[in-house]
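Heads up, the thing below is written out as structure tokens.
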Amino acid sequence: MKKLILLLGVAALIGCEHGVLDPQGPVAASERQILFNSLSIMLVIVVPTIVCILGFAWWYRAGNARAAYSPQWSYSGRLELLLWSIPALVVLFLGGIAWNGSHELDPAKPLGSQVKPLEVEVVSLDWKWLFIYPDQQIASVNRLVIPAGTPVHFRLTSASVLNVFFVPQLGSEIYAMYGMISELHLSADRAGNFHGVAAHFNGDGFSDMSFETRALSVEEFSRWVTSAQADGPALDEQAYRALLRQSSNVPPYTYRATAPRLFDDIAMGHLPPGEGPRELAAAARKEN
């Protein structure tokens, strides 16, 4: 029995690897702490309740002649206060955690750091991710590269259907919506590779719409930028229109240059939408 419990525990821990319970950034670490605090508070009422249920079932079993049946009760104000105060405190504590967490971990709130944030613009396509680095004038497809220990300010939109950007080990997921811009601040504590996903169903290629997040040292990130600027095609309007075509399992690659204000033109609808839902594309064409 002990071996079975140990194996189940090991399996549970393995399942948490590379997920929300294996944080590699300050936002993800704070979110994990909220989960653990909430779980602890709920267990305060859940565990005694389960113990009482089992205790009552055992004491009032059919074979226990000592269990007295007493259907007549008298009102007790103290007992009522005790019984209602426990769930009230649980709700109060959980509400406090949710209130503080929602303000401290607001996706649009910059992370406290002396280091200047890296600007990254994210575009959700069918079925791939486009990452634009406006200050470096480069872009990449299906690979997000960031310097470890540096805050990253994301601006996100979708050129097609609604989607959700999520790197579980770094923290908060956030929606990318057509015609709108979302903001998100994240950071990686250490160098490493982290799995990124599209966390919202968006058609046939959804299951393959994932991306690699590589956190590099500052020196390695600078070398990657220099390498990207020296090789690859340019992301102009013609190249972007070709990128809009639906495709999945696209190997990561980079663009050595990007058209100015490309992200804003995509978000504001100055460029055509992806194939996405036919109704959305048709409506956008009528407006243009």
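The values are calculated or read from the model by the stated rules, or taken from the named source; none is laboratory data. Quick caveat: nothing in here was measured; it's all calculated off a predicted structure. Methodologically, a virtual Cβ is constructed for each residue, glycine included, from the backbone with ideal geometry; neighbour enumeration extends over all protein chains shown.
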Test: residue in the stretch 136-150 that is in the same structural domain as ASP264 (by TED's automatic domain parsing), free of Cβ contacts under 8 Å to residues at least 60 places away in the same chain and over 18 Å from GLU31 (Cα atoms): no
Test result for VAL120, within 40 Å of the chain's Cα centre (by Cα), free of Cβ contacts under 8 Å to residues at least 12 places away in the same chain and surrounded by 10 or more Cβ atoms within 10 Å (Cβ to Cβ): no
Test result for GLY179, in contact (Cβ under 8 Å) with a residue 40 or more places away in the chain and crowded, with 20+ Cβ neighbours inside 10 Å: no
Contacts under 9 angstrom Cβ, first residue in the stretch 86-104 being surrounded by 11 or more Cβ atoms within 10 Å (Cβ to Cβ), partner in a helix (DSSP H, G or I) and among the hydroxyl-bearing types (Ser, Thr, Tyr), 6 or more apart: PHE93/SER38; LEU94/SER38; ILE97/SER38; ALA98/SER38; GLY101/SER30; GLU104/SER30
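This table checks each residue for (1) under 25 Å from the mean Cα position of the chain (by Cα); (2) at pLDDT below 90; (3) farther than 30 Å from SER113 by Cα; (4) basic (Lys, Arg).
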position	(1), (2), (3), (4)
ALA199	yes, no, no, no
SER207	yes, yes, yes, no
SER210	yes, no, no, no
LEU216	yes, no, no, no
THR226	no, no, no, no
GLN229	no, no, no, no
LEU244	yes, no, yes, no
TYR255	no, no, no, no
GLU287	no, yes, yes, no
Residue list for the stretch 31-59, filter: within 13 Å of the chain's Cα centre (by Cα) and of a type outside the set (Asp, Glu): ARG32
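Of the residues that make up the stretch 121-138, is at least one closer than 19 Å to SER222 by Cα, touching a Gly at 6+ places or on another chain (Cβ under 9 Å) and at pLDDT 95 or above?
Yes.
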Residues within the stretch 55-77 that are part of a helix (DSSP H, G or I) and either surrounded by 10 or more Cβ atoms within 10 Å (Cβ to Cβ) or among the polar types (S, T, N, Q) (or both), tallied: 4
Hits in the stretch 107-117 (condition: at pLDDT below 90 and surrounded by 12 or more Cβ atoms within 10 Å (Cβ to Cβ)): SER113
Residue within the stretch 67-81 that is of a type outside the set (Phe, Trp, Tyr) and under 30 Å from ILE34 (Cβ atoms) present: yes
Matching option when the condition is assigned to a strand (DSSP E or B) and not assigned by TED's automatic domain parsing to the domain that holds VAL27, among PHE221, PHE263, PHE201, PHE211: PHE211
Hits in the stretch 175-197 - residues which are assigned to a loop (DSSP other than H, G, I, E, B) and acidic (Asp, Glu): ASP189
Subset of the stretch 197-221 that is over 30 Å from GLU275 (Cβ atoms) and touching a residue at least 24 places away in the same chain (Cβ under 8 Å) - its residue that is surrounded by the most Cβ atoms within 10 Å (Cβ to Cβ): ALA215
Criterion (modelled with pLDDT of 90 or more, part of a helix (DSSP H, G or I) and of a type in the set (Asp, Glu)) met by exactly one of GLU80, GLU31: GLU31
